Structure formats: C-alpha cells, structure tokens
C-alpha cells in the first residue's frame, strides 16, 4: 500500500515538471513547483512513517513549509513586484519541448533500469522519476529566457536529487538535509534579488540581455 502511494506521488511530481515545460504563465509554473514540493513532502512523510524514520518526518515538514509554501510565496511576490507574468519566446516552442522532454523521460527510466537499486522494486520507479526530472530540469534551464523559470528549473533539480535520496536509500542524514534547506533558501533569496536587479536594469527578466554587459 505504501509502495503504491509512493509511486503515485513520484508520478505526480513528474507530471508537474512536464506541465511546467508546457506552461508560459509564470504564476502557474510557480504553483506547479509548489505542488511538486508538496508531493515530495508527502512522499517523504509516508516513507518516514512506514519505516519509522524520524529524520524523514522532520525532512517532510521542512519540505512542506519551505518548498511547498514559503518559496512559492516569495517567488510570487517577486513577479508581482516586477510585473512580468509570462514566459515569452522560449528558445524552443512548447510542442517541440514536450516531445523532447518525453524522450528525456524515457531515457531517465532506461538509465534507472540498469542501476543496482532497480532490483528493489519501488526504488526503480522512484529513481526513474528522479533521473527524468534531472534531465527535464536541465532542459528547462537551457531553453527558457526568464530568470524565474530558470530558478524553478534549479529548484526542480534539487527536488529530483532529494527524491532519489529518499527513494533509493534510507534518505540523507538530518544535518545534511538541514544544510541543503538552508542553502536552497539562501539561493532563492539571492536569485530573487538578482531578478529585481535585472528588471531594474533591463526592464525584462530575459537573462540573454546579460550578454550586453560584456565588453
């Protein structure tokens, strides 16, 4: 029962990432990241309860509070301040992006089959989702112009790494997770400030404008 629930949560996370690829509204993309983090927190909590792992329960609470609530709230405030709410003219159009990301998802699952943890059942599914999310997150970072979308891609990569850790192993030690959570919050604050500076300077969140600073 718990295994089925974990697989369902992992599948929901993968769907949320694919929906982010096809989404141009920044508000919706941020909310999709919140849903993705919510599913990750619920997944970690389920594994913690099933395996009597108190550190996973603490990690689940941190994930729900920081990643599912505070970070989306902060990013929504950033885009409200700068007044830019859509991803305009990505480097690759939405249909082509979705097709490529579906291919990357297949690659991620194929890679997970060859891993030693794949013989354990549930980790095969979870690691497959995690690897697929890593590939799709990297794709988002490379093909989107807006700084907010690139921040969301970076946060998706962090979620994917954590998903692999809790799905294929007993999870990271609590002190490591606390350190990572602090780093994520600090990175989001710094990147949010950077977005404000980019908009103040260029009146746009298009990171390709930064190339004009060279010279």
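Read the figures in this text as sums done on the coordinates, not as results from a lab. From a predicted model like this one, the values you see are computed outputs, not experimental measurements. Cβ coordinates were reconstructed from backbone atoms using ideal geometry, including for glycine residues, and neighbour counts include every protein chain displayed.
What shape does region 1-69 have by the C-alpha gyration tensor, where a ≥ b ≥ c are the square roots of the eigenvalues, rounded means a/c under 1.5, and otherwise prolate means a/b greater than b/c and oblate the rest? Oblate, since a/c reaches 1.5 and b/c is not below a/b.
The gain in end-to-end length when the residue 111 to residue 54 segment is fully stretched comes to 17.4 nm, 0.36 nm per residue minus the alpha carbon separation.
Rounded to the nearest whole angstrom, the semi-axes of the ellipsoid equivalent to region 1-115, taken from the Cα gyration tensor as √(5λ), stand at 28, 22, 9, largest first. In this rough spin-label picture, where each label sits 7 Å from Cα along the Cβ direction, the residue 91-residue 15 distance is 3.0 nm.
Available extension along the chain between residue 24 and residue 70 is 14.4 nm, counting 0.36 nm per residue and deducting the alpha carbon span.
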